[in-house]
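Here the structure comes first, spelled out in C-alpha cells, and everything after it is commentary.
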Amino acid sequence: MKVAFCGNDNASAYDISAGVLKNVCFVDALNLVPHVFLLFITFPILFIGWGSQSSKVQIHHNTWLHFPGHNLRWILTFTLLFVHVCEIAEGIVSDAQMKSRHLHLFLPAMMGFVAATTAIVYYHNIETSNFPKLLLALFLYWIMAFVTKTIKLVRYCEDGVPLSQLRFCITGIMVILYGLLMAVEINVIRVRRYVFFMNPQKVKPPEDLQDLGVRFLQPFVNLLSKATYWWMNTLIISAHKKPIDLKAIGKLPIAMRALTNYVCLKEAYEEQKKKVANQPNQIPSIWLAMYRAFGRPILLSSTFRYLADLLGFAGPLCISGIVHSIQNSNQNATNTTGKFKETSNSYLSSQDFLRNVYVLAVLLFLALILQRTFLQASYYVTIETGINLRGALLAMIYNKILRLSTSNLSMGEMTLGQINNLVAIETNQLMWFLFLCPNLWAMPVQIIMGVILLYNLLGVSALIGAAVIVLLAPIQYFIATKLAEAQKSTLDYSTERLKKTNEILKGIKLLKLYAWEHIFCTSVEETRTKELISLKTFALYTSLSIFMNAAIPIAAVLATFVTYAYQNETTLQPAQAFASLSLFHILVTPLFLLSTVVRFAVKAVISVQKLNEFLISDEIGDDSWRSAESSVTYESCKKHTGLHTKAINRKQPLRHQLDSYEQPPRRQPRPFEIDDIAVKVTNGYFSWGSGLATLSNINIRIPTGQMTMIVGQVGCGKSSLLLAILGEMQTLEGTVHWNNINETDPSCEATRSRNRYSMAYAAQKPWLLNATVEENIIFGSPFNKQRYKAVTDACSLQPDIDLLPFGDQTEIGERGINLSGGQRQRICVARALYQNTNIVFLDDPFSALDIHLSDHLMQEGILKFLQEDKRTLILVTHKLQYLPHADWIIAMKDGYVLREGTLKDIQTKDVELYEHWKTLMNRQDQELEKDLETDQTTLERKTLRRAMYPRESKAQLEDEDEEEEEEEDDDDSMSTVMRLRTKMPWKTCWRYLTSGGFFLLFLMIFSKLLKHSVIVAIDYWLARWTSVENGNKTVNRYHVAVFSMLCGAGIVLCLITSLTVEWMGLTAAKNLHHNLLNKIILGPIRFFDTTPLGLILNRFSADTNIIDQHIPPTLESLTRSTLLCLSAIGMISYATPWFLVALVPLGVAFYFIQKYFRVASKDLQELDDSTQLPLLCHFSETAEGLTTIRAFRHEARFKQHMLELTDTNNIAYLFLSAANRWLEVRTDYLGACIVLTAAVTSITHGSDSGLLGLGLLYALTITNYLNWVVRNLADLEVQMGAVKKVNSFLTMESENYEGTMDPSQVPKDWPQEGEIKIEDLCVRYENNLKPVLKHVKAYIKPGQKVGICGRTGSGKSSLSLAFFRMVDIFDGKIVIDGIDICKLPLHTLRSRLSIILQDPILFSGSIRFNLDPECKCTDDRLWEALEIAQLKNMVKSLPGGLDAVVTEGGENFSVGQRQLFCLARAFVRKSSILIMDEATASIDMATENILQKVVMTAFVDRTVVTIAHRVSQILDGDIVLVLSDGVLAECDTASNLLLKEDGLFTTLVKTNK
C-alpha cells in the first residue's frame, strides 16, 4: 500500500479550490506546525542543558519551589497525553478502513504526543533550575496549538459533523485543554512577573529544601515523581552499597513534625473545650478535634480511593468487550463496512471505536495504571496523615503527663501501665484506624457498583452469588473478633511464661546449685502448654479466616453459574463468564476487609474514650508562686565565712560530740529577719488528693544559705513536706511563700549565675535516665570539668565509674547497666549537687549508703561543696549523728511539726526530745561499731565488677546481625556483607520448616499444589463449558456436575491447606521453644555470666512471639501469592505461548525490583523498631521521674527530647511506608504490562474465546499478587532472623549431667560423714581460659568448721563452685566421703550438698515452695527450719503461714529476712556439708549474728565451709585456708596462722579485708 500524507486513493484530497481551510488534509497539516515549532526550540535548550546550570540558589535536591499552577499543569498535560493516545488510536483505526494510508489521520496526533511529552520535560527542567524566562517558548506553543485546533473544530462545525463522531469530541477536548494550559502559563507570568514586567518577583525555596538534613522529598517533588515515588530510587539503590541509617533518612519536613501537628490538634481540641465549657456533663470531643485538624487529607485520600475503585471496574468490562469482540469477529468482519470508505475524511463513531479489540487492550492497560496510581496515592495520604496524627497525640499525652498531679499517680488512679498503654497501644490503634478509614465509606460504594454490574451481566443468578458473599461476611467478622480474643489470652499466658523464665534466669545459679532446674523448667513448660492451647485456638481462627477468604469466591461463583445454567435456556457466554468471575474477585476484597475495618473502628472508639479520660484527669496546681515577682527583696547576700566544718570523729561517740558542739563564734546567732528566709510555709494544710490532710498546721521557715534538717520517724511526713514545698501536693489551705532574690546586687557573686527560683532535688527513690552516667549527673546543665570532678569525688563515684566498661559514657537506666541502689542514689545526689541552683532538696540521701560513704558525702558534698557555695539546703534524714551540723532543725511527727529551731534551742526548750535523740544516737553508736566492719560499697562494686568483666572479655557474644554462617574472611569484606544482605536466609528457612516435622512439611507442600491445581482446573473447565456452541441439556448437565465437583474439592482443599500451614507453624514453634528452654536451663554457668540477661530473655519474648504468631501467616501468604502468580503465568502461556517471549524482560525487571526492595525494607524495618523503644522508654521514665523533672523545671527540655524521638520514629515509619508504595507502584505497573502483553499476544495469535478470557482473567489477578510476593518475602526474611537467633543458642554446649557412676550406686545417705579431701585440684571456667585454682591440696575432717579467705579474685568463690562441679575440674579431684565427685551424675551431686549464696534469692510463690520446691518435707520439718532461722514468729503472723505469698524476688521481705530464709532452705536439706559463700555480705550485723549462732548450734555436727568476705567471721573456725591467686598459700588454725608475723592471713586480719 502506497504511503501519502493525504492518501492517494482520492484525487480531490489535494483540491483547495473551495478555500485552503476547507481542505481537511490541509487543516491537519496546519496542526503539525506548533508541534514542530516546539521541538525545534526546546531540543537545543534541553540538550545543551543551559537551563539547568543557571540555578541562582544552590540547593541539595533537584526539586525547587514550584511555579504557580504546578499540579494543575501536570494533570492537564497527562490528560492531554491521554487524549493524544485516543486521537492516534482513532486515526489508525479509521486509516485501517481505507484503501491507502492516510498519514494525516494520525501523524499530527503522534507529533502532538511527542510535543506534549517534550513540553512537560522542558517545564520540569526550567522549574528545577528556576529560570522562568524560558517558559516563553511554552507560552507561544500553547497559543499556536490552541489556534490551530480551534480552526479544525470550526471546520468540523461548518461541515456539520455530529457530536457522536469521536474525532469531533477529541478535537473539542483538545481545544479546552490547550486553552487551560495557556491560562496556566499566563498565571505564571502574572505571579512571577518574569516577562513584560519591570521587576520580576524574587523567590526563596521552602525552608525544608534549604535544610540539607531533610531527605523526605515527597511533598516537594513534581507530580509524576510523587505518583511513582521516583525520588525514593536513590535511597533504595544506595541500601545495596551501605545499610540505611538514621543519617541517610534525615529529618522530617516541618509540616510533618510532631510539634506542627500538635499545635493543629491542640487548637482544634481547645475549640472543642470552649464549646462544652458551659455544659458540665459534656466532655470535649477528640473525634471532632481530629477531624478539624486532619479532615482535609482524609477527604483527599477518599477521593483517590473512589477514583481507584471506579477504575477497577474497567478490568471486567474490557475483558467482556475483548472476549465478545473476538467471539463475534467473524460476523463483525462482514457487517462493518465504513460509511465514508471512499472519502479521505472517514469518521468513526465512539461505539465503533470501542469495539476494536486493540483499543480495548490499550484502554485496559491505561485504566490499570491509573487505578493503581490512585490506589497507592490514597494509601500514602492516609498513612502520612495517620503518622501525623500519632505524632500530635503523643505530644498531647506527653504534655498532659508533665502536668499530671502527683496524687493521681501515687493514689493509683493513673498507673504507669495505663500511661504506657496509651502511648504504645491507643495511639497506634487510632493511627491504624486512620489508615483504614477511607475503606469505611469506599467499600459500600464498591460493593453496590459490583452487584449492579453483575446483575447486568447475568441477571437474577448474579444476585444469588452476591447473596452468598454477603451472608458469609458476618462469619468473617465473628472469626475476626474471636481472633482478637485468642490473641489476648495468648498474651496473658506468654506474660506469665516470661515472668517465670525471667525468675529462672535471675536465680539460675541457685537452681543449678540445688539441682532444682528441672522443677522450674517443668513449671515454665506447663505455662507454655496453656499458651500453646491458646495459640492453637488462634491458629484455628487464623486458618478459618484464610479459608473463608479463599472459599467465598469459589462458593459464590458456583452458586451463580449453576443457577444460571438451570434458569436460562441460553448457554453461558465466555464474555459473561469471565467478566463476572473478575467482578467476584473484586467484590470479595472489600467484604473480607470490612470485618477488619469494623473491628478497628470499634477499637478506635475505645481508644478515644481512654484518651478522653486521661486528658480530663486532674492536673497539678498552677505554680505562679515560683515565677511571680515577690515583693520581698533579698539583700543580705554578703560574703560571710560560713561554717568551718569539724572533721567527723568516729572514735568519739556521737552523744559527746552533740554535747560539746557549740555554734562557731564567727557566726553570731541572730534573730531571723524576713530577708533571711528562702521559703516560708504559713498555716499549711496539704493533701494527696483524697481531701484528707496528710500534713496539717505547717508553719515553717527555711533560712537562706543554710542547712535545714528535717527529722522524724518513718512515715511522719518528712518527704511529703518537701513535696508540699515543691508544689506537688494539693494545698487545702495556707500558703508557700518563696523569697525573691534580687540579682542586681553586686555582692551576690555566688548567686549571679543561678536562676532566681532554681532548685535541685534528689528524691528518696533514686530515678535515673536512660542515658550515660555523665548525662545523668549534668542533667542538661553546661559541662564544667572541674565542678564535675568535685561532685563525683564528693559522692565517691569515681571508683564505680572506673568499673564501668566505658567509664562515665556507659549507658545506665532501664535499658542500660543495672546499678545497685547505693550507686543509683549517689548519682542522684551528684545530680542535685552539680546543678548551679539556689536551693537543694535532698530526700534521705543516706538511706542506701553505708557509713563510710555517708560520712564522706556529708563531709565533702554537703558541708564543703554546698555550704561553700552558700546554697540553701533542705535535708531529710534518719541519721541523727549529723544533727550537730544543722543550722536549723525541723522535727516532724504524724504529719505536723513537732519542733523547729537550732539544736541549742531544742536542747533548752524540749529536753525530752533531746534526750530521746541521745538514746537513739546511743543505739546508732553501737551499730556503728559493727557497721564499721561492714563495707557495703566494696560489695556493691564487687557485684558490679562481677557483672561487667566476664561480659567485657566476651564483649560481643553474639553479633545480633551476624549473617549466614558461611561468612569467610574475604579480602573484599564489604562486598561479602553486601552479598549476604541481598541473600535470602534459605538455610534458616529450611531449619524452621524441618523443625515442624517432615510429614507436616510434605503435607503442606502437597496440599498447596493440589489446591492451586484444582482452582486452575475450575477456571479451565469454565472456559471449556462456555466455549461449547449451543450444547444440549445433557451436555450442559455434564458440565455443571463436573464444575460443582471441582468447586467442592477446591473449597475442601482451601480448608486443608490453611490448617496444615498453621499446624506446621505451631509444631515448629513448640519444638523450637522446648529445645531453647532445655538448652538454656542445662547451659554452663559461664554462659550466664558472659551473656546479658536481656539478650537471653529476648529469645523467649520477642523472638518466640515472632515464631509463634508471625511466621505462619507470612509463610501462608507467601506460598499462596507465589503459587497464584505461577499458575496465572502458566495459564496465560498455555492460552498464548507467545506470551513467554514477553515474559523474559518482565521477569528480569521483577527480579531487580524485589532484590533492591528487600534490602532497603529490612533496614527501614529495623530502624522503625529501634527508634520505637527509646520513645516508649522516654515516656515511662518521664512518668516515673515527674517530681524530679518538675522540681528542676526541666519540662521544656524533656518535651523537646520527646518531640525529637517522635520525629525520628515517624520519619523511619514514613520511609518504610514510602518504600512499600515504591514497590507496589512498580509491581502494579509490571502487572499492567503483563495484562497488556497477554491481551495483545492472545488477540494477535488468536485462540478460542474461552481460553482468551481465562488468560486475561489470570493476568488481572497477577497485578494484585505480585507485590504481595515481594512484601511477604521481605517480611519472612526479617522474621527468619528470630529463628536464626534462637538457633544460635541451640548450638551451645550443655553441662555434662551424666556421671560415670549410676545414681543407684550412690548410697542413699551419702555424704553421711562430711569428710572432704581436695587432691591437687586445678580448676578453670572454660577450656580456653587460664586456670583459676592451681594444685590446691587440703583435707577437711567430718564436722569441721572451715574458713576460706583471700583477697578479691584469689579464687575463693571458684573453690565453692568446684564442690558442685559448676566449673571445669581439669586436673586433680575432690573426694567427699570416699567418692570422687567427678564420677557422680551432676543432679545427684548437687542435690546432696547445701549452699547459702551471697545474694539471697527467693522466687515468687509461697514460703513453702521457696523452702522445699520438691515438696519432699513435712510441715514440722519446715517449721523447725524456720525456727532455727528465727523466722517462725514472723511467718506465723503472715496470712496463710507457710502458704503466705512471696512476691517476685522476695521484695516483700527485707534483705536480712531473705538471707535467713536461705539459711532455713539450706537446713531443710539436711545435708552433712554446708557451704556459705560470703553469705553475710549483704546483711546487717544483727542478722549476721543470728546466722553465725545458728551455724554454730544447728549445724554443729555438719561440715561447714565458710567463704569469708570479712576475716573476723572465721577467726573461731577449726581450720583456715588462705588463697592467693588461685594457689593455697596457708592452711592451719586461725591462732597458729596469726603467730606468723609476715603471713598473708595476719596481713588480711590487720587490714580488715
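The values are calculated or read from the model by the stated rules, or taken from the named source; none is laboratory data. Source: prediction; values computed, not measured. Heads up, the Cβs are rebuilt from the backbone with ideal geometry, glycines too, and the neighbour counts pull from every protein chain shown. SASA here: full protein model, heavy atoms, side chains in, ligands and nucleic acids out. Shrake-Rupley method; radii C 1.70, N 1.55, O 1.52, S 1.80 Å.
Details
- Cβ pairs under 7 Å, 6+ apart, first in segment 984-997 and in contact (Cβ under 8 Å) with a residue 60 or more places away in the chain, second open to solvent by 10 Å² or more (accessible area, probe 1.4 Å) and basic (Lys, Arg): Pro985/Lys1284; Thr988/Lys1284
- Any helices (runs of 4 or more DSSP H) falling wholly within segment 368-462 and containing at least 1 residues that are farther than 17 Å from Lys610 by Cβ: 406-410, 427-458
- Within this structure, Asp208 passes the test of being surrounded by 14 or more Cβ atoms within 10 Å (Cβ to Cβ) and among the acidic types (Asp, Glu).
Every residue, every condition in (1) without any contact (Cβ under 8 Å) to a residue 24 or more places away in the chain; (2) among the small types (Gly, Ala, Ser), yes or no:
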residue	(1), (2)
Ile1381	yes, no
Leu1386	no, no
Leu1389	no, no
Ser1394	no, yes
Arg1421	no, no
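- Contact annotation: residue pairs with Cβ atoms under 6 Å, 6 or more positions apart or on different chains, pairing a residue in segment 198-213 that is β-branched (Val, Ile, Thr) with a partner that is surrounded by 11 or more Cβ atoms within 10 Å (Cβ to Cβ) and assigned to a loop (DSSP other than H, G, I, E, B), are Val203/Leu65.
- Among the criteria (1) in contact with a Phe, Trp or Tyr (Cβ under 9 Å, 6 or more places away or on another chain); (2) among the acidic types (Asp, Glu); (3) open to solvent by 70 Å² or more (accessible area, probe 1.4 Å), the one Asp1532 does not fulfil is (3).
- Among (1) touching a Pro at 6+ places or on another chain (Cβ under 6 Å); (2) assigned to a loop (DSSP other than H, G, I, E, B) - the single one Ile1401 does not satisfy: (1)
- Inclusion of Ala1196 among residues that are of a type in the set (Gly, Ala, Ser), modelled with pLDDT of 85 or more and open to solvent by 20 Å² or more (accessible area, probe 1.4 Å) is warranted.
- Among the residues making up segment 103-119, those that are free of Cβ contacts under 8 Å to residues at least 60 places away in the same chain and within 25 Å of Ser225 (Cα to Cα) are Met110, Phe113, Ala116, Thr117.
- Being open to solvent by less than 10 Å² (accessible area, probe 1.4 Å) and in contact with a helix residue (DSSP H, G or I) (Cβ under 6 Å, 6 or more places away or on another chain) holds for only one residue in Pro316, Pro243, and it is Pro316.
- Pairs where the first residue, in segment 1460-1474, is open to solvent by less than 10 Å² (accessible area, probe 1.4 Å) and the second is polar (S, T, N, Q), C-beta under 6 Å, 6+ apart: Ala1466/Ser1394; Ser1471/Ser1394; Ile1473/Thr1503; Leu1474/Ser1394
- Each residue in segment 1289-1299 was checked for being more than 23 Å from Leu1359 (Cβ to Cβ) and assigned to a loop (DSSP other than H, G, I, E, B), and 5 of them qualify.
- Residue match in segment 282-291 (condition: more than 24 Å from Ala367 (Cα to Cα), polar (S, T, N, Q), outside any helix (DSSP H, G or I) and over 23 Å from the mean Cα position of the chain (by Cα)): yes
- Residue match in segment 1168-1178 (condition: at positive phi, touching a residue at least 24 places away in the same chain (Cβ under 8 Å) and not β-branched (Val, Ile, Thr)): no
- Of all residues in segment 169-176, none satisfies being open to solvent by 20 Å² or more (accessible area, probe 1.4 Å) and at pLDDT below 80.
- Qualifying residue in segment 380-398 (condition: touching a helix residue (DSSP H, G or I) at 6+ places or on another chain (Cβ under 8 Å) and open to solvent by 30 Å² or more (accessible area, probe 1.4 Å)): yes
- So Val1240, is it modelled with pLDDT of 85 or more, in contact with a Phe, Trp or Tyr (Cβ under 8 Å, 6 or more places away or on another chain) and not small (Gly, Ala, Ser): yes
- Against the test of being open to solvent by 40 Å² or more (accessible area, probe 1.4 Å), within 30 Å of Tyr229 (Cα to Cα) and under 43 Å from the mean Cα position of the chain (by Cα), the options Trp1222, Trp1268 yield a single qualifying residue, Trp1268.
- Among residues that are surrounded by 14 or more Cβ atoms within 10 Å (Cβ to Cβ) and either within 29 Å of the chain's Cα centre (by Cα) or under 21 Å from Ala1102 (Cα atoms) (or both), Ser461 is not included.
- Of all the numbered requirements in (1) surrounded by 23 or more Cβ atoms within 10 Å (Cβ to Cβ); (2) charged (D, E, K, R); (3) over 25 Å from His885 (Cα atoms), Asp802 misses one, and that requirement is (1).
- Considering residues of segment 767-793 that are aliphatic (A, V, I, L, M) and farther than 15 Å from Thr1188 by Cα only, the residue surrounded by the most Cβ atoms within 10 Å (Cβ to Cβ): Val773
- Identity of the residue in segment 83-118, buried (at least 22 other Cβ atoms within 10 Å of the Cβ) and in contact with a Ser or Thr (Cβ under 7 Å, 6 or more places away or on another chain), that ends up modelled with the lowest pLDDT: His102
- The residue list Asp1371, Asp1420, Asp1399, Asp1380 contains one member that is open to solvent by 60 Å² or more (accessible area, probe 1.4 Å) and in contact with a strand residue (DSSP E or B) (Cβ under 6 Å, 6 or more places away or on another chain), which is Asp1371.
- Check on Thr1182, under 16 Å from Met431 (Cβ atoms) and of a type in the set (Val, Ile, Thr): no
- Given (1) free of Cβ contacts under 8 Å to residues at least 12 places away in the same chain; (2) touching a Ser or Thr at 6+ places or on another chain (Cβ under 7 Å), number of the condition Ile176 does not satisfy: (2)
- Among all residues of segment 268-277, there is none that is of a type in the set (Val, Ile, Thr) and crowded, with 20+ Cβ neighbours inside 10 Å.
- As a summary of the residue check, Lys1356 satisfies the conditions (1) basic (Lys, Arg); (2) open to solvent by 70 Å² or more (accessible area, probe 1.4 Å); (3) touching a residue at least 24 places away in the same chain (Cβ under 8 Å) except for the one numbered (2).
- In segment 1124-1155, the qualifying residues are those that are surrounded by fewer than 21 Cβ atoms within 10 Å (Cβ to Cβ) and touching a His at 6+ places or on another chain (Cβ under 7 Å), and the one that is modelled with the highest pLDDT is Ser1127.
- Residue list for segment 560-592, restricted to those being assigned to a helix (DSSP H, G or I) and either of a type in the set (Gly, Ala, Ser) or open to solvent by 50 Å² or more (accessible area, probe 1.4 Å) (or both): Ala565, Tyr566, Gln567, Ala575, Ala577, Ala579, Ser580, Ser582, His585, Thr589, Phe592
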